[in-house]
Amino acid sequence: MEAHRSYERFERSTEAAGDRHPRHATTAAFAVAVMAALLAISAFLANEAVKEVITGETHRADATARLESNLLKTDLAEGNADLLRVLDAGKGLRARAAAEARGREARVERELEPADANLHHEISDDEHHVESSDEKHLAYELAEVGLEVGIVLASVSIIIRRRWLLGIGSVIGAAGALALAGGVLL
C-alpha cells in the first residue's frame, strides 16, 4: 500500500510541476532501453560480419593460390609429357618415353583437372560468402545508426518533455530495428 501512495504522490508532484504527460519519461526511458539493447546486438553482429568478410577473403585467397599452384603443376606435367614425346623419337627410349608421357597425361586428367574444378567451386563459394557477409555488415551498420539516432531523440524528449520527439525517435529506432532484422534474415 505504501508503494501505491508513493506513486500517487509522484503523480501529483509531476502534475504540480506542470508536466502534462506524467508517464512520458517512463515511456521514453523504456524506449531508450529497448533501442540500446538492439544497438548492442547490432554492434556485435556488425563485428561478426566483418570477421566473416575477412575470413572469407582469406579463404578465397588461399584457394586462389592453391589453384595457381595446381595450374603450374598441370603445365609442368604437360611440358614433361611433351619432352618425353620428343625423347620417344630417339633410339632405344621409345617405349619407356611413351609410357612415361601417358603416365603424366593420366595424372593431369586424374588428379590435377578435378582439383582445378574443386578449387574453382571453392573460390566461387567463398566469394558468395564474402558478398553475403558484406551485405549483412552494411545492414547492421545502418541499424546501429538508426538506433543511435532514436536513442538520442528519445533521451532528449525526456529532458525537454516533448512527446513528438519521442515519436520521431521511436520511428527512427524502429527503422534501425528493421535494418537489424533484415541483416539477420540475409
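The values are calculated or read from the model by the stated rules, or taken from the named source; none is laboratory data. Since the model is a prediction, treat every value here as computed from it, not as a measurement. Positions of Cβ are generated from backbone atoms using ideal geometry, with glycine treated the same way; all protein chains shown enter the neighbour counts. For accessibility, only protein heavy atoms count, side chains too; no ligands or nucleic acids. Shrake-Rupley method; radii C 1.70, N 1.55, O 1.52, S 1.80 Å.
The table for this structure:
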quantity: Residue satisfying condition, being at pLDDT 90 or above, open to solvent by 30 Å² or more (accessible area, probe 1.4 Å), within 26 Å of residue 26 (Cβ to Cβ) and not hydroxyl-bearing (Ser, Thr, Tyr), within set 150, 146, 167, 182; calculated: 167
quantity: Given (1) at pLDDT 65 or above; (2) surrounded by fewer than 16 Cβ atoms within 10 Å (Cβ to Cβ), index of the condition residue 45 fails; calculated: (2)
quantity: Near pairs, Cβ below 7 angstrom, 6+ apart or cross-chain, from the stretch 132-155 (closer than 20 Å to residue 171 by Cα) to any residue that is surrounded by fewer than 18 Cβ atoms within 10 Å (Cβ to Cβ) and of a type in the set (Val, Ile, Thr); calculated: 153/168
quantity: Output for the stretch 112-139, where each listed residue is open to solvent by less than 60 Å² (accessible area, probe 1.4 Å) and either basic (Lys, Arg) or touching a helix residue (DSSP H, G or I) at 6+ places or on another chain (Cβ under 7 Å) (or both); calculated: 112, 115, 116, 119, 123, 126, 130, 133, 136, 137, 139
quantity: Single match in 119, 180, 142, 138 (criterion: assigned to a helix (DSSP H, G or I) and touching a Phe, Trp or Tyr at 6+ places or on another chain (Cβ under 8 Å)); calculated: 180
quantity: Failed item, numbered, when residue 109 is tested on (1) at pLDDT below 90; (2) surrounded by 15 or more Cβ atoms within 10 Å (Cβ to Cβ); calculated: (2)
quantity: Residue within the stretch 64-83 that is out of contact with any strand residue (DSSP E or B) (no Cβ under 7 Å at 6 or more places or on another chain), aliphatic (A, V, I, L, M), modelled with pLDDT of 85 or more and surrounded by 12 or more Cβ atoms within 10 Å (Cβ to Cβ) present; calculated: no
quantity: Test: residue 23 is modelled with pLDDT under 90 and crowded, with 16+ Cβ neighbours inside 10 Å; calculated: no
